[in-house]
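Heads up, the thing below is written out as structure tokens.
Each reported figure results from applying straightforward, stated rules to the coordinates on display, with no laboratory input. Source: prediction; values computed, not measured. Ideal geometry is used to build each Cβ from the backbone, glycine not excepted, and the neighbour counts take in all protein chains shown.
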Amino acid sequence: MITSHHPNDGTVVLTVDASRIDAASAMAFKERARQLVQDESGRVLLDLHQVEFLDSSGLGTLVAIMKMLDGGRKLELLNCGGAVRKVLALTRMDSVFIVHPPTDADDRAGQDAA
């Protein structure tokens, strides 16, 4: 469900390999993320390019992952599609996370979902 890679700058990039983060997957998702970030001290970026659906349990999981980060670091979200961006905006969680601007492909997907 989540894979990681480490660029040479101390950043860990977690890539979600699922189309949904919801109640059915939230616990396993959170546990896997904990395993991947527990010993990290640099930036943590979560690539959501495959995620098409995020419910309240999924959103709670993102908050839980951010709380795992020490030193007041924020979880950075990458490649959020239109539906995910909409959930983040409606819940005002886009002010809690660092949400990087979408790429052109993500913008087109967001327009299709609207």
query: Angle between the Cα long axis of helix 56-68 and the longest principal axis of the chain, 0 to 90 degrees, nearest 10?
result: 30 degrees
field: Centroid-to-centroid separation of the range 79-99 and the range 1-33 [C-alpha atoms, Å]
entry: 17 Å
message: Shape verdict for the chain, please, from the Cα gyration tensor: rounded (a/c under 1.5), prolate (a/b greater than b/c) or oblate.
response: prolate
- request: Can you tell me the dipole magnitude for the range 1-46 around its Cα centre, using point charges on the Cβ only (Lys, Arg +1; Asp, Glu -1), in Debye to the nearest 20?
  value: 120 debye
field: Summed side-chain charge close to Arg34 - residues other than Arg34 whose Cβ falls under 14 Å, Lys, Arg +1, Asp, Glu -1
entry: -1
query: Roughly how many debye, to the nearest 20, is the charge dipole of the range 36-80 about its Cα centre, given +1 on each Lys and Arg Cβ, -1 on each Asp and Glu Cβ, and no other charges?
result: 180 debye
query: For Thr11 and Met27 in one chain, what is 0.36 nm times their gap in residues minus the Cα-Cα distance, to one decimal in nm?
result: 3.4 nm
- prompt: In degrees, nearest 10, range 0 to 90: what is the angle between the Cα axis of helix 26-37 and the longest Cα principal axis of the chain?
  reply: 50 degrees
task: Return one number: the angle in degrees, 0 to 90 and rounded to the nearest 10, between the long axis of the Cα atoms of helix 104-113 and the longest principal axis of the Cα atoms of the chain.
output: 50 degrees
statement: Among beta bridges assigned by DSSP with both residues in the chain, the antiparallel ones amount in percent, to the nearest 5, to 25 percent
task: Quick one: order Phe53, Phe97, Phe29 by neighbouring beta-carbon count within 10 Å, fewest to most.
output: Phe53, Phe97, Phe29
query: Taking the Cβ of Leu69 as the center, what net charge do the other residues with Cβ under 11 Å away carry, scoring Lys and Arg +1 and Asp and Glu -1?
result: +2
task: Go ahead and estimate [θ] at 222 nm for the chain from helices alone: -39,500 (n - 2.57) per DSSP H run with n ≥ 4, summed, over the residue count, rounded to 500.
output: -11500 deg cm²/dmol
- prompt: What is the fewest-to-most order of His100, His6, His49 by other Cβ atoms lying within 10 Å of their Cβ?
  reply: His6, His100, His49
statement: When Asp9, Asp55 are ranked with the fewest other C-beta atoms within 10 Å first, the list becomes Asp9, Asp55
